[in-house]
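Single-structure report; data block below.
The values are calculated or read from the model by the stated rules, or taken from the named source; none is laboratory data. The model shown is predicted, which means the values in this text are computed figures rather than measured ones. Quick reminder, even Gly has a Cβ in these numbers, built from the backbone with ideal geometry, and neighbours come from all protein chains shown. Surface areas here come from the heavy atoms of the whole protein model, side chains and all, with no ligands, DNA or RNA. Shrake-Rupley method; radii C 1.70, N 1.55, O 1.52, S 1.80 Å.
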Amino acid sequence: MRTVYVNGEYLPENEAKISIFDRGFLMADGVYEVTSVLDGKLIDFDGHAKRLERSLNELEMPHPDVLPDLLEVHRELVRLNDLEEGMIYLQITRGAPDDRDFVFPDPEATKPTVVLFTQSKPGLADNPTAKKGIKIISIEDQRWARRDIKTVQLLYPSMGKMMAKAAGADDAWMVEDGAVTEGTSNNAYIVKGNTIITRHLGNEILHGITRAAVLRFAREAQMQVEERSFTIAEAQEADEAFITSASTFVMPVVDIDGASVGTGAPGPVAARLREIYLEESRKLAI
Ligand code: PDD
C-alpha cells in the first residue's frame, strides 16, 4: 500500500481523506503537477515547481505553507514508497469551505488542500512503445481558453483519450481554428528535414516542462527549432511527428488520422531526442 501526503501528514492511502466540500471536488478549482522519477530522483523538479507557482498566481489561489518545502515532500514520498521509476502527482486546491459557493472563500478561513502521491511505473524510460510509436486522431479542441494554467479540469482531455481508443488509436491531438494546439496530455511536434516544429507558447497550450528541455537540447544539438502553428495536413506530410510530456518523455507518432507519418515507423530525430532527453535529465535529476 502506498504512503501518500495530505495536508502535512504522511498516511497509508486508504486513510487519506478530503472533504466533500473541497473546491477541487465541487468546482475543479485546483491545479496539479506530474513530476517523473528516474533512478529514485526527480526530473525537472524546478520547472514543475515554477509552473505550479505560476498556476496558483494566475488563479489567485493562496500559496499553501508547504510550498517552499515541496522538494522535501517529494523526496520523502520517494523514500517512503521506495520509488525507483514512475511519477509523483501533486494537487493543490482552493480548499474546503463549509458550504458550496461560487464565490472564492476567505483565504484566512479556508486553507488550500495539498495532496501528493506516487505512481510506480517500472520501465517508464525503457518503454517498448517508444520503439514502435503511437497512433493519434485529431479532435476539435473544446477546452477552456486558459490551457496555460495546469488545472484539474481534465474531462475533455479524458474524453479525447476515449475517442482515440474508440477509433483504435492511442491518443488525440486537438485542433482549433485549423491548427493543432497540443495532445490531450502532451505537447505536439512535427519534423521536416532538420527542423523541429511545435506550436508557439500562449494561453492555448500548456507550457510543457519537457517541451522546454527538449527544445533546449535540440538547439544545443544544432537542430533547427520553429515555434509556430501547424495543421493536421502538414503533420501528415511531415518526415516525423512526436509528443512530449513528463510521463512519456519523447514519444514518436507514426499515424495521424489513419495516414502514416514518414515511413510509418519512428524516425531518427524523435529517437535521438528521446535518448538525449533521458540522458541529460538523468544527469540533472535531484
Ligand atoms: N500532462 N499539455 C497538456 C495538456 C498536458 O496535460 C501536459 C502534461 C503537457 C506536457 O507538459 P509536461 O512536459 O510539463 O509534462 C502538455 C501530464 C503529464 C498529465 O496530465 O499527466
Practice item. Roll a 1.4 angstrom probe over the protein heavy atoms and tell me the percent of accessible area of the chain that is carbon or sulfur. Key: 51
Practice item. Could you tell me how many degrees, from 0 to 90 and to the nearest 10, lie between the Cα long axis of helix 209-220 and the main elongation axis, the longest principal axis, of the Cα atoms of the chain? Key: 40
Point to revise | Modelled FRET efficiency - R0 51 Å, E237 with R79, Cβ distances, 0.05 increments | key: 0.55
Review point. Within the set K165/K192; K135/K165; K50/K150; K192/K283; K41/K150, which residue pairs have Cα atoms separated by over 20 Å?
Key: K165/K192; K192/K283; K41/K150
Exercise for review: Enter the angle in degrees (range 0 to 90, nearest 10) between the Cα long axis of helix 70-80 and the first principal axis of the Cα atoms of the chain, meaning the one along which they spread out most.
Suggested key: 90
Check your understanding: Quick one: accessible area per residue over segment 3-120, 1.4 Å probe, rounded to a whole number of Å²?
Key -> 51
Practice item. Compute the long axis of helix 268-284 from its Cα atoms, compare it with the longest principal axis of the Cα atoms of the chain, and write down the angle in degrees, 0 to 90, nearest 10. Key: 30
Revision key, fill the gap. Result for segment 129-284: accessible area per residue, probe 1.4 angstrom, in square angstrom, of 43
Review point. How much solvent-accessible surface does D69 expose, in Å² to the nearest 10, with a 1.4 Å probe and all protein chains in place?
Key: 80
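How high is the relative contact order of segment 129-284, in percent, with contacts defined as C-alpha pairs under 8 Å that are six or more residues apart? Please report the intermediate quantities before stating the final value.
Working: 308 pairs, mean separation 40.4, N = 156.
26 percent.
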Review point. With springs only between Cα atoms under 10 Å, which of I20, I134, I209 fluctuates most in a Gaussian network model of the chain?
Key: I20
Study note, to complete from the structure: Once amide hydrogens are built 1.01 Å from N within the peptide plane, the residues lying 5 or more places from V225 or on another chain with amide H under 5 Å from its amide H are I196
Study note, to complete from the structure: Yeah, segment 83-224 with a ≥ b ≥ c from its alpha-carbon gyration tensor (a/c under 1.5 is rounded, else prolate when a/b outruns b/c, oblate otherwise) is prolate
Practice item. Can you tell me the relative contact order of the chain? Whole percent, Cα pairs under 8 Å, sequence separation 6 or more. Key: 19
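Please give the net charge around I88, taking every other residue with its beta carbon less than 15 angstrom from that of I88, where Lys and Arg add +1 and Asp and Glu add -1. Walk me through the numbers on the way to the answer.
Working: positive: R2, K41, R51, R75, R79, K121, K150; negative: E13, E33, D39, D44, D46, D69, E72, E76, D82, E84, E85.
Overall, the nearby charge balance is -4.
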Practice item. Could you work out which residue, out of S229, S185, S36, moves most in a Gaussian network model of the chain, that is, has the largest mean-square fluctuation with Cα springs under 10 Å? Key: S229
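Stretch A28-V175 to full length: gain in nm at 0.36 nm per residue minus the Cα-Cα span? Don't skip to the end; give the middle numbers.
Numbers: separation 147, 0.36 × 147 = 52.92 nm, distance 2.35 nm.
Net length gain for the segment: 50.6 nm.
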Review point. If you take the beta carbon distance between E227 and E275 as r and set R0 to 22 Å, what does 1/(1 + (r/R0)^6) give as a FRET efficiency, to the nearest 0.05?
Key: 0.45
Study note, to complete from the structure: Among T184, T118, T263, the residue with the largest mean-square fluctuation in a Gaussian network model of the chain built from Cα contacts under 10 Å is T263
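Can you show me the helix-derived [θ] at 222 nm for the chain, built from DSSP H runs with n ≥ 4 at -39,500 (n - 2.57) apiece and divided by the number of residues, rounded to the nearest 500. Mind showing how you got there, number by number?
Values: 8 runs with 81 residues, N = 286.
For the chain, the value works out to -8500 deg cm²/dmol.
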Practice item. Round to a whole angstrom and tell me the spacing of the C-alpha centers of segment 165-209 and segment 37-73. Key: 24
Review point. Probe 1.4 Å, all protein chains in place: accessible area of V261 in Å², nearest 10?
Key: 0
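Probe radius 1.4 Å, ligands and nucleic acids left out: which of K132, K192 has the largest accessible area, and how do the rest follow?
Most to least solvent-accessible, the answer reads K132, K192.
Under 11 Å from the Cβ of L215, count the other residues' Cβ atoms, weight Lys and Arg +1, Asp and Glu -1, and hand me the total.
Working: positive: R211, R216, R219; negative: E220, E226, E227.
It works out to a net charge of 0.
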